[in-house]
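Undergrad: Below: one structure in structure tokens.
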Amino acid sequence: MDLAYIPSPSTGVIELGPIPLRGYAFSILIGVFAAVWIGGRRWVARGGLPGTVADIAVWAVPFGLVGGRLYHIFTTYEPYFGEDGNWVDAFKIWEGGLGIWGAIALGAVGAWIGARRRGVPLPAYADAVAPGIAVAQAIGRWGNWFNQELYGRATDVPWALKIDKGPEPGLYHPTFLYESLWCVGVALLVIWADRRFKLGHGRAFALYVAAYTVGRGWIEYLRIDEANHVLGLRLNVWTSMIVFLGAVAYMIVSSRLRPGREAVVEPAAEEARAAGAADAGRDGEKGSEKDGGPGKDAGATGTAESGDADAPTGSGEPAVSGGGTAAADGPGDGDGTADSGAGTTKKL
């Protein structure tokens, strides 16, 4: 008797009135929002403007979804275009079937378009969103749990996944959970490495790709779903190895050609900050003038510090210490006005 296992949901759809909420689609959407939120915070911390990541994601996400679906169909075409396949099912994305490699590749094309429209470098944008993409994958993998798909070999480990749909119900390795936890680890690795080594020019994104492919390789080895094989290995294993080598090569070459990190990731943000500093400077100058700064002629006002008056004390004759204006019948320069800057008093 099995005492411990991970149960599978009885249904992958939650009915919200007339609207069906499908677990797979919900997981994908939550993952996208998480990626945009994390990427946005990292982008602003790098000196970019709020909203830039979301604006570029408007291009990247649809491209990524299309690319992920196309990769899945091309590499697993039998259910759609095989002998007993139905091509209409190729459009049923809510039933599962998104290939991460196609999503990243075509999503990068969408991000490139959005980045050009915003005037920001794509490598810097990729570095900012890399951990968020890993978190999005971690969340999105739970869509496979809702659909009871992409599980591994049969097992009796305490964390086995119970599958009650399909041709062979039983307990299997929860590869969706393995990959979800691995992606969380990848996100933490990229965040740590980026802070520690100040990764730039796309190297944080390359680290994400390399780290993910390592986990995907051994997870793919456990899966038992149908897949095309090349030289005895699943196609996605070969893809993982090739992409891993490409990511490592990019990090090495990039670190030599363009060491360090971008000083400016979004020129518009720098212009906004410069304009704000200029406005603050002008406001400060206006405030100084209002508070008695330069611009008023002290001689015209005749104001002097009261402590500067040098009238003798105890003489019994009052002195005028602040006004600087003498009586007309006192000794003066003919116009009855004393020099205000001197602070010298006149006797009445």
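Undergrad: Given the Cα atoms of segment 130-238, and with Rh set as the inverse mean 1/r over their pairs in the Kirkwood sense, what is Rg to Rh to two decimals?
TA: Rg/Rh: 1.04.
Undergrad: Taking the Cα centroid of segment 15-73 and of segment 216-279, what is the distance between the two, rounded to the nearest whole Å?
TA: Between the Cα centres of segment 15-73 and segment 216-279 lies a distance of 18 Å.
Undergrad: Moving on to the next point. Starting from the Cα-Cα distance between Ala154 and Lys198, subtract it from 0.36 nm times their residue separation and give me the gain in nm to one decimal.
TA: That pair, Ala154 and Lys198, stretches by 11.5 nm at full extension.
Undergrad: Continuing with this model, one more query. Please compute the length gained on full extension between Arg117 and Leu235, using 0.36 nm multiplied by the number of residues separating them and subtracting their Cα-Cα distance.
TA: Result: 38.9 nm gained on full extension.
Undergrad: Provide the net charge surrounding Thr175, with neighbours chosen by a C-beta distance below 11 Å and charges set as Lys +1, Arg +1, Asp -1, Glu -1.
TA: After counting each charged neighbour, the total is 0.
Undergrad: I want the local charge near Met251. Using Cβ-Cβ distances under 13 Å, sum +1 for each Lys or Arg and -1 for each Asp or Glu among the other residues.
TA: Around Met251, the charge tally is +1.
Undergrad: For segment 1-72, taking Cα atoms only, what is the radius of gyration to one decimal and the Dmax to the nearest whole Å?
TA: In Å, with Rg to one decimal and Dmax whole: 17.5, 58.
Undergrad: Another question, if that's okay. Sort Trp87, Trp43 by accessible area with a 1.4 Å probe, largest first.
TA: My answer, sorted largest first, is Trp87, Trp43.
Undergrad: For a Förster distance of 41 Å, can you work out the FRET efficiency between the beta-carbons of Trp87 and Leu189, rounded to the nearest 0.05?
TA: 0.50
Undergrad: Continuing with the same structure: Mind checking the full-extension length gain between Tyr221 and Ala280? Use 0.36 nm per residue of separation minus the Cα-Cα distance, one decimal, nm.
TA: 15.2 nm is the gain from fully extending Tyr221 to Ala280.
The values are calculated or read from the model by the stated rules, or taken from the named source; none is laboratory data. What you are looking at is a predicted structure, and each value in this text was computed from that prediction instead of being measured. Positions of Cβ are backbone-derived with ideal geometry, glycine not excepted, and every protein chain shown enters the neighbour counts. Ligands, DNA and RNA are excluded from the accessible area calculation, which covers all protein heavy atoms including side chains. Shrake-Rupley method; radii C 1.70, N 1.55, O 1.52, S 1.80 Å.
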